[in-house]
Structure formats: structure tokens, C-alpha cells
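Working notes for the structure below.
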Amino acid sequence: MSKKWHQLEKLDHKALKKLQGEREKAAKQILDAEEKKRRMIIGVAVLFGIIVLLGFISILRSRSATLARQDERAKMLFSRISDFNGKIEHRYVGTWDKLTEKFEFDKEHTFKTTEESTVTVQMQLDNQVKLFPGSEMTVLPPMLAETENKIEKEPIILRRGELTAAISLDGRGVLEIEVADVVVVGASGLFKVIYDAEKAKGEVVVKNGLVEVGKKRGGGRPVKVSGFYKVTFGEGEISTPTQASVIQYDWR
């Protein structure tokens, strides 16, 4: 009888031990699952934090790039007075002021000279325009490309009188001088534009290089004028290029 009890106790002990092992295994599985879940949550949180950080850095870089681009574009709008002599008046808006010193400007400016004065404006791409005595011109801010920091046009309006334009290597094909009903584009070299506002007639004389003279409102191909040639314009017409005696003009 005692032997049977001993066997029963032994069986109970094994069953209890097995049950205890299964409980420990189940508890461990629960702990492992919770640890895995915790690690997953931490991983997701870390990943989310990294994504947010990268997004923030990207925004900062984008904003920095945008500000840098805007700053560069703002600097590209400036022209400057490189030389002047005599009595010169200028204005942005409103009344005329006397030009007393060299300065930079990024807004539309109009200059007029007396019978014994000249003023030279240096554009952003180093194109230079010299306004001769008894003349008036308006210098507008450069026109920039929409998608890149590039100057597409440096516009000037000659209202009366005479100017000489010198085209730089970087400024070829960019300087555009509007005078009466024509537009003069400096492809290269040195040229002069003269306009008599009272007679509504003028001429473009090229010392060297190449210039294109076209109608402001379109119509017909622009006339190409090379060195030692000139064209006249007025009443909506542009003449055929003819040889010019360039030594008769002041190129200083």
C-alpha cells in the first residue's frame, strides 16, 4: 500500500513539475512578447523621430537655399555709377536731384546731362553705358530668369541724346536699349545710339562687334549691324546698313 502511495506521490510530483514548467514557459513567452512589443514601440518611435528630424533638416536646408537664392537674386539687380563729370541730375521718383557721388542702385533710375557733362553706368554683367552731354536715359533693373539666377536682359531707355555702349564678355546679347520705336541689342563690341527727340529720328553706329536693331512692336527681322556700319531709324522704319566714318564720332 505504501508503495502505491509512493508511486502516486511520484506521479503527482512529476505532474506538478510539468505544470510548473509549462507555467514558467508561458510566463516567459508573455514576457518575451511584451519585450518584443516594447522594442517595436521604441523602434517605431525612434524611426518616427529620425523621419521628423530629417524632415526638419530638409526644411531648414530648403529655407536656407531659398533665402540664399533670394539674396543672390537681390544682389543681381544692382547697377552702379562708375564715372561722371559736370552737372548731372537723377531721380528714382519725384523731383530731380543733383548727382554728387558714385552710388549703386537696384530701382529704376533716370539720368540727364547738361551740355558739358557725362555719366557712365556699369551694369551687373559689366556692360557699360556712357550718356553724353544734353541727353537723358532711364536704367531699369535687370530682368532675371524665373527658374535660375541668371540675367536675361539689362534694359535701358534712351529718351533723347546720345550714348555709347561697351559690351563685356559676360554681357553679350543681354544689353537692350529701347529708343523711340526700336530696340537695340548689343551682341558684342562698341557702338553708339543717337536720338533726336524733336525730329523723332536717330541712328545706331557700330565701331566694332555686332548689334541687332529691331522694331519694338515686332514685324520683320532685326537688322544686323557690324563694325564700321550704321543704320538710321524713324517713323517706324529701319534703314539698310551703310558704311560709317566712325572717326567722326566721339568714342571716349
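Here, each number is a calculation from the coordinates, and none is a lab measurement. Because the structure is predicted, anything quoted here is derived from the model rather than measured. Note that each Cβ is placed from the backbone with ideal geometry, even for glycine, and that neighbours are counted across all protein chains shown.
Could you give log10 I(q)/I(0) at q = 0.07, 0.11, 0.15 Å⁻¹ for the chain, computed by the Debye formula over C-alpha point scatterers of equal weight, without solvent? Values, matching the q order: -0.42, -0.69, -1.05. Other residues with beta-carbon under 10 Å from the beta-carbon of Val246 carry, at +1 per Lys or Arg and -1 per Asp or Glu, a net charge of +3. Only Lys, Arg, Asp and Glu carry charge here, each on its Cβ (+1 for the first two, -1 for the last two); on that basis the chain has a dipole of about 2520 debye about its Cα centre. Which links in Lys102/Lys130; Lys130/Lys201; Lys153/Lys201; Lys98/Lys207; Lys201/Lys224 stretch past 22 Å when you go from one Cα to the other? Beyond 22 Å: Lys153/Lys201; Lys98/Lys207. Within 12 Å, Cβ to Cβ, of Asp106, how many net charges do the neighbouring residues add up to if Lys/Arg are +1 and Asp/Glu are -1? Net charge in that neighbourhood comes out at +2.
Using a cutoff of 8 angstrom between alpha carbon atoms and counting only pairs six or more residues apart, the relative contact order for the chain works out to 10 percent. Sorting the segments 74-81, 129-136 by their mean number of nearby beta carbons within 10 angstrom, highest to lowest, gives 129-136, 74-81. Expressed as an acute angle from 0 to 90° and rounded to the nearest 10, what is the orientation of the C-alpha long axis of helix 2-75 relative to the principal long axis of the chain? Tilt of helix 2-75: around 10 degrees. Of interest is the spacing of the C-alpha centroids, which for the stretch 216-252 and the stretch 100-125 amounts to 25 Å.
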